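Visitor: Dropping the structure in here first, questions after.
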Amino acid sequence: MTRAALTTTTLCIVDTFTHALAERAVALCLAQADFADAIFVSDRAPAVSGIRHIPIAPLESREAYSRFVIKDLLEHLRSEHVLLVQWDGYIVNPDAWTDEFLGYDYIGARWGFHRDGHDVGNGGFSLRSRRLLEALQDPEINAFEPEDDMICRRFRPMLESRHGIRFAPGDLADRFSFETTRPTTAPFGFHGLFNMWKFLSDEELPAFVGALPRASLGSLQLRQLARNLIDLKRPSGARAVLQSRLAAYPGDSESRALLDQLSPETSKPTGTERVSRNAACPCGSGKRFKHCCGAEGAGTGEPTARSTTAFDALVQQAFSHHQTGRLDEARAAYEAALAMQDDPLVSHYLGVLDMQKGQPAQGEARIRAALRERSDVADMHNNLGLCLRAQDRLDEAVRAYQAALDVHPGYAPAWSNIALDSHRMGRFGVAREAFDKALALSPNLPQTRFSRALLLLTLGDYRNGWSDYEHRARCPEYASHYRLPPMARAPAPWRGDQDDLSGKRLLLLGEQGIGDTIQFIRYARSLASRGAEVNLYVPKRETASLLATAPGISDVLTPGDPIEAHDYACFLMSLPRLCGTHSVDAIPSAERYLSADPEKSRVWRERLAALGADRLKIGLCWAGNPTHHNDRNRSCPPEQLAPLGAREDIDWICLQLGAGRERIGEVPMQLHDWTDGIADYADTAALMSELDLVITVDTSVAHAAGALGVPTWVLLPAVPDFRWLLEREDSPWYPSLRLFRQHAAGDWADVARRLADALASLRAREFRD
């Protein structure tokens, strides 16, 4: 056997979880091939010689691994190609190497469950070009789990059309590696725990399985490995696998049954085919089972009871669909798998789909049934908690997360969920402790760190809160907010005091909601005073004319406007950290920093005056954007405002635009609805600037009124958004605001009574003098 010459290629493994087996995989590769370079990317140095250590923080999730491979691996690459391997995949046939592989930007094993031509390929043993890694820096590539599916399926059309990336054809991929499909030749490498029977003797199996992490011991792949060994009449190897699995998961009845059936004389397969050989293959190929998954391995000495292989292929396909948001396709694949074989883990994932489809009670029932068979799986308890959360049964949800920790005390997602739901219930001390525990276990959880930021900011810990808040851009649900708009040249990110702004052009980028943009545009004045030309980009054109009045802003740009080159760019909600707002006392507050258009204001002033000079003019807004994650708690049912209608010398002016207007008939007082004269936020600002008072829930109306300096009373839920802090009735962000908080969750009636009491003693002259 000759050594393969990969003289333009770096051998790379990225692993912070399975260190011993990762070292084994790279050692086997180094023993069979010569590389231009070799790197071991991990939180600890390897014991293997001849490889560079790239130290990183632990990657405690698949998403974190995928993000690193897609966005960060490039900076560590010194060659034109990289052979990326994982602990369960390595070189097995160096004679199969050909430089023909280097003619493509991506090559990996084919996925047997995809039939659309985009089936290359698996990333666990894959060859990638520097050109591909450079193309992956495209800001529109912003989804990260799993990374090979993102590259080879979701973003493949864009990579091919925009960047000219070449994916290897299937026949060449078959010569390179195999995973879910069986090879007809001896490929260069392989991937997959369930394929280890090909390369490990029965004597090697105990040590190998003993090095597996607990999660892998409970995987479908390990169970399939045991079945393959049984089918191959290797009972001692199967026994070693099953005993290790049962040591970690003693409640696994299926593995117990398989082990009980084994004897030294075992000589026939114990798998049972659940699908007729002449039936359509459940994998969706359109072929008969016997000509598809049921035919794989026939006549090759490989396992012949192939229904389980088809089952695992379907489950992998379902996972792929599920992880990339194709929920209907995922459901079909899960159900097809269950038609072949009962499996509580798969049933539980159907329960997760129920929850994601807005049927949490159905998901709860399905997961509880699965838990009766497999109570030893932390994920299942955790996902039960998420179903309960979706039904607002937060105390029960926390108990479910605790059950997950009883199974696996180091399970960081459960600690994170305890923190989230404790925060929502106002148990702030418990929440902070749970967030800290989650991040001590898994420091690289961006969603957990962002959620902790919201808690810290609510508690007024701005120094630590704004630092954690920077992780928002790494959260999938927020990723779309952090794409740069098309412009002449991509600017450098502004880093605060490290970058002198004198004579520079700085582009501020609006993000998240309109209220957020209004709140944080106040920092433009300070940035302009440092000598910068400060421009603002916002995605909603209707806000531009009002935001253009902010001191320090030179121009406001919206989608479709040409954007000239800027030296720096910065997202608005990073400004508190970069500008040194490390405490509540450091907030750059002002009575007003936005201005209403004088002519528009005059029109509204005349219209309001016609209602009577001695009457209070009060604007009312009762609902926010229904897509907001907490809208059901922050919006107030309009009928709850009945106590406000007791006085007859008030003219109520409708400020409810868009969502929520369908309930205008439920408002228990007469409203003047002039919203047909409002085309943008400048019109709304002009109207509010002429009112005596604005009463609103927590929505952009509150921010606009506060930025204009209009007296405003804000109705807040018991657990408010972070910017309103806790307990206080004033806002350090907006001096003209007065805060009316729920004393008990959901109790708007009490808030309305207090509002009515506060209104009782007011007269118009108190606002106008």
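Visitor: Report the net charge of residues surrounding Ile664, where surrounding means a beta-carbon distance below 14 angstrom and charges are Lys +1, Arg +1, Asp -1, Glu -1.
Guide: Working: positive: Arg661, Arg663; negative: Glu639, Glu662, Glu666, Asp673, Asp676.
Taking every Cβ under 14 Å from that of Ile664, the sum is -3.
Visitor: Once phi is turned into ³J(HN,Hα) by the Karplus curve 6.51 cos²θ - 1.76 cosθ + 1.60 with θ = phi - 60°, what whole-Hz value does each residue of region 222-229 show in order, with x for glycine and proline?
Guide: Calculated HN-Hα couplings, in order: 5, 4, 5, 4, 4, 5, 4, 5 Hz.
Visitor: While we're here: Which is farthest toward the positive dipole end of region 480-520 among Ala490, Gly513, Leu501, measuring Cα position about the Cα centre, with Cβ charges +1 (Lys, Arg) and -1 (Asp, Glu)?
Guide: After comparing all options, I get Ala490.
Visitor: State in Å² the accessible area per residue of the chain; use a 1.4 Å probe, count heavy atoms of protein chains only, and round to the nearest integer.
Guide: On the way: 30650 Å² over 769 residues.
That works out to 40 Å² per residue.
Visitor: Please list the non-local residues whose amide H lies under 5 Å from the amide H of Trp713, H modeled 1.01 Å from N, same-chain partners needing a gap of 5 or more.
Guide: Those qualifying (amide H under 5 Å, at least 5 residues apart or on another chain) are Val694, Ile695, Thr696, Arg738.
Visitor: Please give the charge dipole size of region 578-694, origin at the Cα centre, charges +1 on K and R Cβ atoms and -1 on D and E Cβ atoms. Round to the nearest 20 debye.
Guide: Numbers: 12 positive and 19 negative charges, 35 e Å.
Its charge dipole is roughly 160 debye.
Visitor: Still on this structure: With the contact rule set at Cα under 8 Å and sequence spacing of 6 or more, what percent relative contact order holds for the chain? All intermediate terms of the calculation are to be shown ahead of the outcome.
Guide: On the way: 1440 pairs, mean separation 54.1, N = 769.
Answer for the chain is 7 percent.
Visitor: Along the charge dipole of the chain, Cβ charges K/R +1 and D/E -1, which of Ala361, Thr185, Gly465 sits furthest on the positive end?
Guide: Thr185
Visitor: If you fit an axis through the alpha-carbon atoms of helix 394-407 and take the longest principal axis of the Cα set of the chain, what angle between them do you get, 0 to 90°, nearest 10?
Guide: 30 degrees
Visitor: If you don't mind, there's one more thing I want to ask. Just to check I understand the Karplus step: with θ = phi - 60° and J = 6.51 cos²θ - 1.76 cosθ + 1.60, what whole-Hz values come out for region 746-754, glycine and proline as x?
Guide: x, 8, 7, 4, 5, 4, 4, 5, 5
Visitor: Helix 235-248 versus the longest principal axis of the chain: what angle, 0 to 90°, nearest 10, using Cα atoms?
Guide: 20 degrees
Visitor: Taking the Cα centre of region 503-550 as origin, sum charge times position over the Cβ atoms of Lys and Arg (+1) and Asp and Glu (-1), and report the length of that vector in debye to the nearest 20. Intermediate values should be presented prior to the final figure.
Guide: Numbers: 7 positive and 4 negative charges, 40 e Å.
Dipole about the Cα centre, nearest 20: 200 debye.
Visitor: Just name one of Phe113, Ala609, Asn633: the one whose Cα is farthest towards the positive end of the charge dipole of the chain (beta-carbon charges, Lys/Arg +1, Asp/Glu -1).
Guide: Phe113
Visitor: If the label point is 7 Å along Cα→Cβ of Arg78, which residues in region 43-70 have backbone nitrogen under 17 Å from it?
Guide: It comes to 46, 49-55, nothing else.
Visitor: Amide H to amide H under 5 Å from Asp252: which residues, 5+ apart in sequence or cross-chain, H placed 1.01 Å off N in plane?
Guide: none
Visitor: Using +1 on the beta carbon of Lys and Arg, -1 on that of Asp and Glu, and nothing else charged, what's the dipole of the chain about the Cα centre, debye to 20? Kindly include the intermediate steps, with their values, before the conclusion.
Guide: Values: 87 positive and 101 negative charges, 163 e Å.
So the magnitude is around 780 debye.
Visitor: Measure nothing but the geometry: give the 0 to 90° angle between the long axis through the Cα atoms of 360-373 and the longest principal axis through the Cα atoms of the chain, rounded to 10°.
Guide: With both axes taken from Cα atoms, the answer is about 30 degrees.
Visitor: Hey, any idea what % of the chain's accessible area is carbon plus sulfur with a 1.4 Å probe?
Guide: Working: 14850 of 30650 Å².
C and S atoms contribute 48 percent here.
Visitor: For Ile54, what residues show an amide H to amide H distance below 5 Å, using hydrogens built from the backbone and excluding near sequence neighbours?
Guide: When sequence neighbours closer than 5 places are left aside, the close amide H contacts are Phe40, Val41, Ser42.
The values are calculated or read from the model by the stated rules, or taken from the named source; none is laboratory data. Model, not experiment: these values are computed from the prediction. For neighbour counting, all protein chains shown are included, and Cβ atoms are generated from backbone atoms with ideal geometry for every residue, glycine included. The protein model used for the area step is the full one, side chains on, heavy atoms only, and it has no ligands, DNA or RNA in it. Shrake-Rupley method; radii C 1.70, N 1.55, O 1.52, S 1.80 Å.
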